[in-house]
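Every read-out reported here was derived from the displayed coordinates using simple, explicitly stated rules and does not represent laboratory data. Bear in mind the structure is a predicted one, so any value in this text is a computation, not a measurement. A quick note on method: Cβ atoms are made from the backbone with ideal geometry, for glycine too, and the neighbour counts reach across all protein chains shown.
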Amino acid sequence: MEKFQNVSGVAAPMPLVNIDTDMIIPKQFLKTIKRTGLGANLFDEMRFNRDGSEVTDFVLNKPAYRDAQIIVAGDNFGCGSSREHAPWALGDFGVKVVISTSFADIFYNNCFKNGILPVVLPKEAVDVLMEDAERGSNARITVDLENQTVSATDGTEYSFEVDEFKKHCLINGLDDIGLTLQKAASIDSFESDYAAKAPWV
Amino acid sequence: MSAPKTLYDKIWDAHVAHEAEDGTCLLYIDRHLVHEVTSPQAFEGLRMTGRKVRAPEKTIAVPDHNVPTTLDRANAATMTEDSRIQVEALDTNAKEFGLHYYPVSDVRQGIVHIVGPEQGWTLPGMTVVCGDSHTATHGAFGSLAHGIGTSEVEHVLATQTLIQKKSKNMKVEITGSLKPGVTAKDITMSVIGVTGTAGGTGYVIEYCGQAIRELSMEGRMTVCNMAIEGGARAGLIAPDEKTFEYCKGRPHAPKGTNWEMALTAWKELFTDEDAHFDKVITIKGEDIAPSVTWGTSPEDVLPITATIPNPEDFTGGKVDAVRRALAYMGLTPGSKLSDVEIDTVFIGSCTNGRIEDLRAAAAVLKGKKVKDGMRAMVVPGSGLVRAQAEEEGLAQIFIDAGFEWRMAGCSMCLAMNPDQLAEGERCASTSNRNFEGRQGFKGRTHLLSPAMAAAAAVTGKLTDIRDFA
């Protein structure tokens, strides 16, 4: 996994609440056996008309936001299916950070496995950042993972919480599986004790 | 004496293989269910790193999301090329890595969350994961079951563990008994109506109370299935005699002395008196009405007797979301839900594709006809459910009424196969998600119980099952 770098730039405002993973990447694009290439279909049914032309007023089609690396979103972003295609599509499009008041649990975890930082902030902070985001190229949001801050255009800093282990993996681009396999001895010993206690499992 | 524990605490504690100082745990996984859509990249990852599946004997694979449900599906040409490639990839991966496998041609094939319990893979006290959010279904057995992403699928394949931090405990108690016409589906939708789709985020829910105890195992699976729709990581129901009875004799359930040993352990799977819950919700069973969704989020749910709400009735970001949902659904505030006309009925899915669901729908349909011009479809949750329904004469009731009688799969619940709504079509559906585009581009979904779906097929509109004769 690529190491997470701090991000500074335009943020795309998506104030709609409950943006679900079916919206982020509709099911017809789940038939791939690869992780790459899904950015072209990110938010497909919101972003494109049936004939393939762009929906002009969709945020990521507006000139200011076409290369946005940050999304500021309404509550409960990423609810619904467990499809990791959602963060794959976001990442492939170039999104590095999503900011919201809340995220669905599975989506939140999936982001960290793919170099994307989901930032949870209180409603007041998200409201300010949403307003900032709506100013397009006239605003710039900065996300600093090391210091766990998001800065609005006027310099106001908002601190966010993130699990230390997840942060460590993101900053260093670490592969979970490799880390877990270092603890193989613990798994082995758990497994043999457990097999004795619960032989039916 | 140790502090009182919840059911979730007990299952969690029994599966921690390693705990780091910051509380990050490696949770040992007892059953890993795998389907074709969220697994190919995980197996590819194993190949690229030269890793093996650590416990193939605990890993069960079945294709369900993509597979056609038409009778001629044995012919691979009935699948689109990309679907066929995904299913073939699962065939190959299951064989190469030595997993338990139920291919499309096997009568035991079906929706992964129906096959697991049916075959006795899912048992009380276990940890169960699958690259699918509706894994919550298995919580009905008092097993800690939740959906994971593909990276986590790969992690479980390679290590048989999951990196987890413990969630908070939530108790959802449904007191008293349900009234006639009210089902497990109405319970689970009503709970989401109360909590909202984010209300369960960060929690594992334990459902309890008399109304839950009175449900069959299949009803309990329906309740837990939609825990994820309330945002919860998992839903749990403490096992009881009904659970043990359901498990006994299933192909992969323990036998002989192992059964006796298991039973002794399973009887300890309950929440201790005075155990701490971080959040408690209580709903009176008799207050729950036959329910239906009107919007594009499962929290947009109301009793069938209600009227379509106004965006102004809501606050915050929900105002715009409701405005958008009503436009998408083509509904007018103030109109009655029971006046909403539909053109499609889908009975099936991991929420409501089991034999009791088909019995409930068939009981409504017996001697009746689907309204002219409607498209109605039954997709059994597994080949075995299908066979049993044929044996019980239910299939004939559906066929006589004018329903299509399909082969098993996920089908129109998520419309990854050709079973889809056309633009603007409106479906009464026993599935679990009413998201925009879920059942087809610009398709409109109303979630409800199997009996309500059957009644809607006859009348051509959303119908209060209590008024239906």
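Of the GluC sites (Glu not before Pro) found in the range B:384-469, those that fall in a DSSP loop while having at most 16 other beta-carbon atoms within 10 Å are B:392, B:423. Protection proxy ranking for A:100-112, A:40-52, using the average of other Cβ atoms within 10 Å per residue and placing the highest first: A:100-112, A:40-52. The distance between label points at residue A:49 and residue B:363 comes to 5.1 nm (points 7 Å beyond Cα on the Cα→Cβ vector).
Among the GluC sites (Glu not before Pro) in the range B:272-370, those placed in a DSSP loop whose Cβ has at most 14 other Cβ atoms within 10 Å are B:273. Per-residue Karplus couplings for the range B:405-420, computed as 6.51 cos²θ - 1.76 cosθ + 1.60 with θ equal to phi - 60°, are listed in order as 10, 9, 7, 6, x, 6, 6, 6, 4, 10, 6, 7, 9, x, 7, 9 Hz, Gly and Pro entered as x.
Among rounded, prolate and oblate, which fits the range B:36-147 when a ≥ b ≥ c are the square roots of the eigenvalues of its C-alpha gyration tensor, a/c under 1.5 means rounded, and a/b larger than b/c means prolate? Oblate is the answer for the range B:36-147, as a/c is 1.5 or above yet b/c matches or exceeds a/b. The label point for residue A:148 and the one for residue B:310, both projected 7 Å from the Cα toward the Cβ, are 4.4 nm apart. Simple point charges give the picture: +1 on the Cβ of Lys and Arg, -1 on the Cβ of Asp and Glu, and for the range B:410-467 a dipole about the Cα centre of about 100 debye. The gain in end-to-end length when the residue A:138 to residue A:58 segment is fully stretched comes to 26.9 nm, 0.36 nm per residue minus the alpha carbon separation.
For the range B:207-333, relative contact order (Cα pairs under 8 Å, six or more residues apart, normalised by length) works out to 15 percent. With θ taken as phi - 60° and the Karplus curve 6.51 cos²θ - 1.76 cosθ + 1.60 applied, the whole-hertz 3J(HN,Hα) list for the range B:92-104 is 5, 5, 4, 6, 5, 9, x, 8, 5, 9, 10, x, 3 Hz, x standing for glycine and proline.
Extension gain, residue B:390-residue B:57: 0.36 nm per intervening residue step, less the Cα-Cα distance, totals 116.7 nm.
Can you give the FRET efficiency for residue A:159 and residue B:19, using 1/(1 + (r/R0)^6), R0 = 30 Å, r = Cβ-Cβ distance, to the nearest 0.05?
Computed FRET efficiency for residue A:159 and residue B:19: 0.65.
Counting neighbouring beta carbons within 10 Å and listing from fewest to most, the residues A:151, B:151, B:83, B:216 come out as B:216, A:151, B:83, B:151. Fewest-first ordering of B:421, B:71, B:384 by other beta carbons within 10 Å of each residue's beta carbon gives B:71, B:384, B:421.
Among beta bridges from DSSP that stay inside the protein assembly as shown, the antiparallel ones total about 30%.
Mean per-residue shielding of peptide A:6-19 is 3, counting Cβ atoms of other chains within 10 Å of each Cβ. For the range B:390-399, the Karplus equation 6.51 cos²θ - 1.76 cosθ + 1.60, evaluated at θ = phi - 60°, returns couplings of 5, 5, 7, x, 5, 4, 5, 4, 4, 5 Hz by residue, with Gly and Pro reported as x.
Put in order of Cβ neighbour count within 10 Å, fewest first, the listed residues A:180, B:264 become B:264, A:180.
You can think of it this way: the chain between residue B:319 and residue B:165 has 52.0 nm of extra reach, that is 0.36 nm per residue less the Cα-Cα gap. Taking Cα pairs under 8 Å and at least six residues apart, what relative contact order does chain B come out at, in percent? In percent, rounded to a whole number, it is 17.
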